[in-house]
Amino acid sequence: MAKSGYSQGANSGHVTLERTRSNIKNPKKTPVSTRTQMARSISREVAGLSPYERRILDMIKTGGSVADKRIYKFAKRRLGSHKRAIVKREDIKEVNAQQRARAAGV
């Protein structure tokens, strides 16, 4: 809404020009490069799981029917957002599946 230049009223404020926003894509939404994927996988191999991730893995192994909700709530407290918690839960479930597959194969 355009400002009127008056100090009082509905459209109060300094008169300014409204700038059009550029159509630059959000850099955070770009796909992950193969180099970045490789670096992350190597660091995961070398460093392993962090303590809170190990706790989530333990919840997956020992948890019953309500484990998913408990894991989500725990991860949300640690990571700060709904989306990050869900992604982390699925990531750790994948780690658990890989561990089980490796154990079954041996």
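The values are calculated or read from the model by the stated rules, or taken from the named source; none is laboratory data. Remember, it's a predicted structure, so these values are computed and weren't measured experimentally. Don't worry about glycine lacking a Cβ; one is built from the backbone with ideal geometry, like all the others, and counts go over all protein chains shown. Side chains included, ligands, DNA and RNA excluded: accessible areas come from the protein's heavy atoms. Shrake-Rupley method; radii C 1.70, N 1.55, O 1.52, S 1.80 Å.
Does Glu18 fit the bill of being part of a loop (DSSP other than H, G, I, E, B), open to solvent by 70 Å² or more (accessible area, probe 1.4 Å), at pLDDT below 95 and among the acidic types (Asp, Glu)?
So Glu18 passes the test.
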Among residues of the range 22-34, those that are more than 20 Å from the chain's Cα centre (by Cα) and open to solvent by 100 Å² or more (accessible area, probe 1.4 Å), counted: 2
Would you confirm whether or not the range 49-65 contains a residue that is hydrophobic (A, V, I, L, M, F, W, C), open to solvent by 60 Å² or more (accessible area, probe 1.4 Å) and at pLDDT below 95? no
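Do we have Lys93 as touching a helix residue (DSSP H, G or I) at 6+ places or on another chain (Cβ under 7 Å), surrounded by 10 or more Cβ atoms within 10 Å (Cβ to Cβ) and in contact (Cβ under 8 Å) with a residue 12 or more places away in the chain here?
Spelling it out, Lys93 is indeed touching a helix residue (DSSP H, G or I) at 6+ places or on another chain (Cβ under 7 Å), surrounded by 10 or more Cβ atoms within 10 Å (Cβ to Cβ) and in contact (Cβ under 8 Å) with a residue 12 or more places away in the chain.
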Got a sec? Which helices (runs of 4 or more DSSP H) wholly within the range 42-106 have at least 2 residues that are β-branched (Val, Ile, Thr)? 51-62, 82-105
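Suppose the filter is open to solvent by 70 Å² or more (accessible area, probe 1.4 Å), modelled with pLDDT of 90 or more and more than 18 Å from the chain's Cα centre (by Cα); does Val46 pass it?
yes
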Quick check, is Arg40 under 24 Å from Lys28 (Cβ atoms), open to solvent by 100 Å² or more (accessible area, probe 1.4 Å) and under 20 Å from the mean Cα position of the chain (by Cα)? yes
